[in-house]
Structures are given as structure tokens and as C-alpha cells.
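Okay, structure first, notes after.
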Amino acid sequence: MSEPARTEPIKAIPVRHPGRWVATAVILLFVAMAVNMAVTNPNFAWDVVRENVFAQTILEGVWATVWITIVAMIVGIFGGVVLSVMRLSPNPVLSNVAMVYIWFFRGTPVLVQLIFWFNLAALVPQISIGIPFGPTFASWDTNSVITPFMAALLGLGLNEAAYMAEISRAGIQSVDEGQVEAASALGMSRSLTMRRIVLPQAMRVIIPPTGNEVISMLKTTSLVSVVALPELLYNTQQIYARTYETIPLLIVASMWYLLLTSILTVGQFYIERHYGRGSSSTPPPTYWQRLRRNMFKFHDTPPTPPSMTILDPNNGVR
Amino acid sequence: MVRSEGVHKSFGSLQVLRGIDLEVARGEVFCLVGPSGSGKSTFLRCINHLEKIDSGRLSVDGELVGYRQSGDRLYEMRDSDASVKRREIGMVFQRFNLFPHMTVLQNVMEAPVRVRRESTAVVRERALRLLDRVGLTGKADAYPRQLSGGQQQRVAIARALAMEPKLMLFDEPTSALDPELVGEVLDVMRQLAIDGMTMIVVTHEMGFAREVGDSLVFIDDGVVVESGHPRDVLANPRHERTKAFLSKVL
């Protein structure tokens with residue numbers, strides 16, 4: 001009475017998506033217009049771009065940018081972890097100090113902080129170590145201590161610490177309470193529990209947004225140009241202040257920033273993929289896998305699931 | 001071994017323990033039973049000071065838990081001193097709470113090496129022996145998530161035993177397990193009882209209580225309702241509340 005079970009694969013006509021073809025046509029039109037402008041508009045001055053992209057001054061600026069990013073992130077990550085542990089401490093003094101720190105450094109613009117550190121000498125001309133109202137043991141001239149590099153490091157690093165503190169707090173709080181309980185039942189002290197049990201597990205949550213922070217930091221270093229530190233943007237400005245070739249030189253700087261952030265983005269993807277192991281059965285596809293899969297299949301591709309949730313408490317806006 | 005007199009504990013306005021009196025002798029298997037929310041797990045956590053008691057006296061081996069007595073005065077214990085006391089009390093949790101980023105062997109070795117500062121070689125040997133004892137030979141290098149619930153709970157028991165405790169606390173050790181895995185955990189506990197370990201067990205396994213337990217206490221609403229030898233209490237409960245509870249679980 002009933003039909004025999006159908007075991008052969010289903011051959012159906014896939015859903016068509018004419019809208020996608022229309023959208024593609026419109027976008028291609030815009031791309032063509034943009035290319036046309038880039039080629040025909042002489043103000044782009046591509047020859048100037050080509051001349052300057054590997055210029056000595058620019059390369060030195062790139063190097064300084066990378067260097068400040070690294071050092072400021074180290075200050076930020078260590079400071080942030082310490083702050084978050086303080087914040088979660090049962091000691092009310094420590095937790096309130098951390099809260100006020102985070103409140104202050106997240107609540108004022110990093111540009112203001114940079115200028116503030118650079119002008120510290122106007123507030124305290126001498127930095128000295130001693131007992132308040134008592135003897136002084138050592139003293140330095142503030143202007144000799146706060147070089148542009150120190151101002152950049154303090155401004156970016158201390159500000160970053162406040163953001164990293166919140167990221168690391170989220171990571172610590174993501175660890176199951178039973179872990180702390182099991183550790184204390186074994187007689188482990190609070191600090192040992194933190195170091196051996198909680199932080200290693202918090203890393204999985206902390207690492208992805210930290211990648212975002214690094215990328216964000218790389219771009220934020222351009223603010224350091226205001227304290228006359230010869231990083232990428234400052235050196236670029238030095239050149240165009242002399243030659244008035246503003247647009248081509250800003251293109252040069254943008255190309256370098258894009259290159260560096262692209263490298264970081266790829267690195268971040270692989271690090272996240274590494275730390276995501278075990279949490280989902282299949283890791284997200286790499287760029288090449290995704291490109292190969294999607295390039296020649298314009299319709300009927302099942303949507304790839306979002307590769308990983310990226311927690312960014314500040315939404316990338318500073 | 002453990003002595004509790006009038007122990008009270010509240011969370012905010014919620015009174016969880018309202019005067020617990022009991023005494024656990026050395027080498028005894030002491031079962032705590034009662035409906036959920038009766039306070040039995042809270043009481044267990046008070047014994048190793050994971051929770052602080054509000055009033056009454058609670059002592060382990062003649063020493064107060066969480067406080068130091070000097071003359072008539074009680075001094076609150078520092079966290080570091082409390083953790084020294086906890087080293088002598090093993091605890092096994094309902095949800096195992098193994099450290100997921102460490103292998104089975106590292107889980108068992110962590111506390112003796114880091115807390116008691118024993119040499120790795122000595123601890124390693126003891127840890128492997130303990131894993132043999134709980135029937136997990138050859139699982140030393142596995143990670144907790146690769147094991148079944150029953151295996152994880154047996155690792156948790158080995159981890160607690162590695163600190164060579166004088167008292168073991170079990171907080172519903174089989175409640176999170178699939179029924180067919182309960183037996184393997186109870187077998188390990190039974191062996192531990194035969195070896196003379198003092199054990200306080202919060203459980204719903206009445207069969208285990210009847211067979212292995214030396215004493216049983218029925219707790220409801222934060223007080224001890226009935227106590228005695230497990231066989232007597234389970235066979236002839238005297239209190240209405242005990243009868244009502246047992247009729248549901250037996």
C-alpha cells in the first residue's frame with residue numbers, strides 16, 4: 001500500500017537568489033568607479049607613494065610603532081591581571097584601589113593622559129624617593145625621566161591596564177566556582193589557587209579579546225605623535241610638513257597600518273583556533289579553507305557558524 | 001573525631017542550620033541523609049570551613065574549626081591557617097571538580113607537591129598507587145573530560161587521598177552519575193571504609209548507608225530529626241518526617 005522507502009539522494013532544484021546577483025552588479029559598479037578615480041586622479045600621486053613606502057624615515061617609524069605596541073601591551077597585560085586579581089580580592093582596600101584606578105583610566109581619554117604624562121614636569125618638577133615630610137633619599141629631574149618614550153609607555157600602558165583588567169576579570173569569573181572550592185579543600189592558599197588553577201583556565205576566555213586589544217593598540221600608538229615620539233604617523237607628518245604631499249604620505253602610513261593589523265588578525269585567528277580546541281568538535285575553517293569553499297559556490301552554501309565569540313567590552317571605540 | 005554542638009548557619013535571612021548536635025567517632029562511616037535543602041551539604045562544608053558557622057561549636061580532632069580559643073576568647077582563624085587545617089580533611093564533591101587543564105596524574109599530584117612540598121618522585125609513586133587502588137591503572141595521562149563520570153569521581157577520591165587525610169567528606173558523590181556508574185564509586189568508598197578511614201557521607205544511596213554505614217543521621221529543616229544505626233533507622237523510623245522521607249526514597 002505505501003510506497004517503497006526512497007533511499008536514493010534527493011535531487012531538488014536549489015533555491016535561487018537573484019538578489020545576490022543584483023547586489024554583486026551594484027557593488028562591482030562602485031568598485032569600478034573607485035578604481036577609476038584611483039587611477040585617473042593625479043592627487044593620489046602614486047609615484048610619491050612608491051618613493052616613500054620604503055623610505056628610511058617611514059621604516060624607522062614602523063619599527064617604533066611595533067616596539068611601542070609590544071612594550072605598552074606588556075605593561076597593560078601584567079597591570080591588567082594584577083588589577084583584576086586585586087578587584088576580586090576579599091580585601092576591601094585592594095578591591096577599591098583597583099576600582100578607582102579602572103574608573104579613572106577608562107574615564108579619561110587616552111590622548112589627554114598622554115599629554116598629561118608628557119607635561120608631568122609642569123606638575124612635579126622633581127621626582128624623589130623619600131619619606132613624606134621627612135628626608136629624601138634620591139631625586140631626579142622629571143624632564144630627564146619622562147622622555148617621549150616614557151610618556152608614551154605610561155600613557156598607553158596604564159590606560160591599557162584598565163581595559164585588560166576588565167577582560168581578565170571576565171576570564172577569572174568564567175572559571176567554575178567549584179574549581180576554587182576543590183583547590184581550597186585540598187589546602188591550597190588563595191594565591192596558589194589563582195596561579196595554578198584559576199588563571200590557566202581563565203586564559204581561554206582572556207586570549208581572544210586580548211588579540212583585539214593588540215590590534216587596537218597598534219592603531220592607538222598613532223596618538224603618540226602628539227608627544228613628538230618618532231613613530232609611523234609622526235615620521236609621516238614630518239615628511240609631508242616638508243613636501244606638502246599630505247595625501248600620498250597618509251596613504252603610505254595607512255598601507256603600513258593595514259599590513260600590520262592584517263598580520264595580527266591572521267595571528268589572532270590561529271591563536272583563537274588553538275585555544276578553542278576541545279570546546280567545539282570542529283575548529284572554524286582557516287581563511288584558505290573558507291575561500292576555497294565559498295569562491296566557486298555562489299548559492300546554496302550553508303552559512304558557516306560564527307567562528308568564535310569575541311568579547312570586546314569597549315567595542316573597539318576609544 | 002568530629003563533634004558538633006548547636007551549630008547554626010544562615011545565609012542572609014535564610015536559616016539553613018538550626019542547631020546541629022552530633023558526634024562522629026574515629027574510623028566510623030557516618031551517613032547524613034535528608035531531603036534537598038535540609039542543610040546536610042552546608043553542614044558538611046562547615047566541617048572544613050568552606051562555610052563559616054554563626055553559633056555553636058564545631059571541632060575536628062578536639063580542635064575548633066575556623067577559630068582559635070585562648071582563655072574564654074575566640075579568635076577568628078586566618079585564611080592561611082584554615083587552609084593548613086583543610087590539608088588533613090579530604091573532600092569529594094557532587095560535581096567532581098577535577099582540574100580540567102591537568103591530566104589525571106597531575107590532578108592527584110598537585111596538592112602534595114605544591115602544598116605539602118613533597119618531592120615529585122615520592123608523590124608520583126603514591127599517586128600511581130592510589131590510581132591503582134581506585135581502579136584507574138593506565139588512565140594517568142588522560143584528561144578529565146576524556147573520562148566517564150564514575151571514573152572522574154574516582155580520580156577525585158584519589159586526589160583527596162593523596163593528601164593522606166584523617167577524615168574524608170563526601171558531598172553526594174554519586175548524585176551526578178548515570179545509574180550504571182554509581183556502583184564503581186560506591187565500591188571504592190566501601191573499600192576505603194574497610195581500610196578504616198573516617199568518612200562523613202551525604203548520600204541518597206540508602207543501600208550503601210545500610211550496608212557500609214556505622215551511624216546514620218536524618219536531617220530535616222536544619223536540625224537532626226533522628227539518628228542511630230543505619231539498619232535500625234531505615235527499618236524502623238520513629239519520626240513521621242523520617243518515615244515520609246524514607247517512603248519516597250526507598
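Results, tabulated for the structure shown:
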item	result
For chain B, built as a Gaussian network whose Cα springs stay under 10 Å, the top-fluctuating residue of B:42, B:137, B:198	B:137
Reciprocal of mean inverse Cα separation for chain A (Kirkwood radius, Å)	24.2
Cα convex hull of the range A:1-80, projected area averaged across orientations, nm²	15.3
Solvent-accessible area buried by pairing A with B, both sides, nearest 100 square angstrom, 1.4 angstrom probe	1700
Extreme residue, positive dipole direction of chain A, given options A:227, A:157, A:120 (C-beta unit charges)	A:157
Loop-located trypsin sites (Lys or Arg not before Pro) in the range A:1-109, at most 16 other Cβ atoms within 10 Å (DSSP)	A:6, A:11, A:16
Whole-Å semi-axes of the ellipsoid equivalent to the range B:117-196 (Cα gyration tensor, √5λ, descending)	21, 16, 11
Principal axes of the range B:80-124: Cα extent on each, largest first, Å	30, 29, 14
Accessible area of the range A:98-172 divided out per residue, in Å², using a probe of 1.4 angstrom	53
Estimated dipole of chain A in Debye, rounded to 20 [Cβ of Lys and Arg +1, of Asp and Glu -1, Cα centre]	820
Among A:140, A:256, A:21, residue whose mean-square fluctuation peaks in a GNM of chain A (springs only between Cα atoms under 10 Å)	A:21
Relative contact order computed over chain B (Cα-Cα under 8 Å; 6+ residues apart), in percent	26
Residue-normalised accessible area of the range B:149-191, expressed per residue, 1.4 Å probe, Å²	29
Positive-end extreme of charge dipole, the protein assembly as shown - chosen from B:67, A:36, A:183 (charges on Cβ)	A:36
Apportionment of accessible area to carbon and sulfur, the range B:160-250, percent (1.4 Å)	46
Distance from the range A:101-134 to the range B:101-164 (C-alpha centre basis), Å	51
Number of partner chain Cβ atoms within 10 Å, mean per residue of A:187-198	5
Whole-percent carbon and sulfur share, accessible surface of the range A:89-138, 1.4 Å	76
DSSP beta bridges in the protein assembly as shown [antiparallel fraction, %, rounded to 5]	60
222 nm mean residue ellipticity, helices alone, for chain A (DSSP H n ≥ 4; -39,500 (n - 2.57); rounded to 500)	-21500 deg cm²/dmol
Portion, in percent, of the accessible area of the range A:207-270 that falls on carbon or sulfur, probe 1.4 Å	69
For the protein assembly as shown, diffusion coefficient by Stokes-Einstein and Kirkwood Rh (Cα), 4 °C, 1.567 mPa s, µm²/s	44
Three-way shape call for the range A:53-201 based on the alpha-carbon gyration tensor, with the a/c threshold at 1.5	oblate
Alpha-carbon Rg with Dmax, taken over the range B:1-110, Å	15.4, 48
Within a Gaussian network of chain A (alpha carbon springs, distance under 10 Å), most fluctuating of A:149, A:105, A:137	A:137
Dipole moment magnitude, nearest 20 debye, the range B:36-181 about Cα centre, only Lys, Arg, Asp, Glu C-beta charged	280
Pairs of Cα atoms farther than 18 Å apart, the range B:100-250, %	61
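The values are calculated or read from the model by the stated rules, or taken from the named source; none is laboratory data. What you are looking at is a predicted structure, and each value in this text was computed from that prediction instead of being measured. Heads up, the Cβs are rebuilt from the backbone with ideal geometry, glycines too, and the neighbour counts pull from every protein chain shown. Surface accessibility is based on the protein's heavy atoms, side chains included, excluding ligands, DNA and RNA. Shrake-Rupley method; radii C 1.70, N 1.55, O 1.52, S 1.80 Å.
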